[in-house]
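Here is the structure we will look at, set down as structure tokens.
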Amino acid sequence: ADPVVRKSAQRFFKEGISCYGVKTAAVYRIAGLHWKRVKDLPKKSIYGLCGELFASGIQEEAGVVCDWVPRLADSFERGDLRIFKKWIGNHVDNWAKCDMFCNHTLGDFIDRFPDSASEIRSWSGSKNRWMKRAAAVAFILPCRRGNYLKEALETADALLEDPDDMVQKGYGWLLKEASRLHRSEVLDFVMKRRDRMPRTALRYAIELMPPGMRKKAMQKDAAPARPKRRV
């Protein structure tokens, strides 16, 4: 643990975080080292350890969870989603925990259980800001592989006018990743909604598009000319 790292980490989070001050690369080395000691335990026991680590509230301990759980992807069961949802609702309290956990754990889960996509998408209606962000971030890796475009666009549409910038950045990031293989579809989505879409989300969504497309998307429609007043 390094107090300089602990202090510098705070600047990335509006809400403040609890952390030891261990660099991310070191956290994953520690997680890998201890994985060798727990990997042969029953999955239920590993989930129990993960629940304890998440409950500590410490950033690095959440990082261990985010390293361990995807290693169990081949043994995921449909009912595991209930556990994952509980962890997000109870223990995720910043964007880094949300993204580290949801990118791989939920991305792998959706690939393994396609019927879970609609349930995860429904989290967009939650009152919990991180659950809403999770609904978008969960589809990022599947979309990067060219899958689940429909669900991604539906999720973005459901979150379109959310006032929370953490939610806006989450679905904007999802649209950006979807645009890698579905540029025209994402551009069409953006163009039809750009007058209602927050600029934060819009900038994220079009980040990978050519300059001409970005300019077109960011350009506000000209206001209609006001009729001349009769004298």
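Read-outs: derived from the displayed coordinates by stated rules, not from any lab. Quick caveat, the model's predicted, so the values are computed rather than measured. Every residue, glycine among them, receives a Cβ derived from its backbone with ideal geometry; neighbour counts consider all protein chains shown.
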Given the rule -39500 (n - 2.57) for each run of at least 4 DSSP H residues, summed and divided by the residues of the chain, what is its mean residue ellipticity at 222 nm, to the nearest 500 deg cm²/dmol? -17000 deg cm²/dmol
Set the Förster distance to 25 Å, then compute FRET efficiency between LYS220 and LYS14 from the Cβ-Cβ distance, nearest 0.05. 0.35
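With a cap of 16 neighbouring Cβ atoms within 10 Å, and only residues DSSP puts in a loop, list the GluC sites (Glu not before Pro) found in the stretch 119-206.
Values: sites: GLU119, GLU151, GLU154, GLU161, GLU177, GLU185; in loops: GLU161.
Counting only loop positions with at most 16 other Cβ atoms within 10 Å, the GluC sites (Glu not before Pro) in the stretch 119-206 are GLU161.
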So how far apart, in nm, are the two label points at THR24 and SER75 if each is 7 Å from Cα heading toward Cβ? 2.8 nm
Considering the chain as a Gaussian network with a 10 Å cut-off on Cα pairs, which listed residue, ALA31, ALA138, ALA201, attains the greatest mean-square fluctuation? ALA31
For the chain, built as a Gaussian network whose Cα springs stay under 10 Å, the top-fluctuating residue of ALA135, ALA178, ALA217: ALA217
Links exceeding 18 Å between C-alpha atoms in this model, out of LYS97/LYS169; LYS7/LYS132; LYS23/LYS85; LYS43/LYS97; LYS44/LYS132, come to LYS7/LYS132; LYS23/LYS85; LYS43/LYS97; LYS44/LYS132
Once phi is turned into θ = phi - 60°, what whole-Hz ³J(HN,Hα) does the Karplus curve with 6.51, -1.76 and 1.60 give for every residue of the stretch 95-103, x standing for Gly and Pro? 5, 5, 4, 4, 6, 4, 6, 6, 3
Between LEU33 and LEU49, what is 0.36 nm times their sequence separation minus the Cα-Cα distance? Round to one decimal in nm. 4.2 nm
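Contour minus end-to-end for LYS86 and ARG199, with contour as 0.36 nm per residue of separation and end-to-end as the Cα-Cα distance?
Working: separation 113, 0.36 × 113 = 40.68 nm, distance 3.15 nm.
My answer for the length gained is 37.5 nm.
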Can you tell me the orientation of helix 59-68 relative to the chain, as the angle in degrees between its alpha-carbon axis and the longest Cα principal axis, to the nearest 10? 80 degrees
Under 17 Å from the Cα of LYS216, which lysines turn up, not counting those fewer than eight places away in the same chain? LYS176, LYS192
Using Cα centres only, tell me the gap between the stretch 58-104 and the stretch 131-149 in whole Å. 15 Å
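Using the Kirkwood formula over every pair of different C-alpha atoms, what hydrodynamic radius in Å results for the stretch 47-149? The partial results should precede the final answer.
On the way: mean 1/r = 0.0745 Å⁻¹.
With all distinct Cα pairs of the stretch 47-149 included, I get 13.4 Å.
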Rg and Dmax of the chain, Cα atoms only, in Å: 20.2, 88
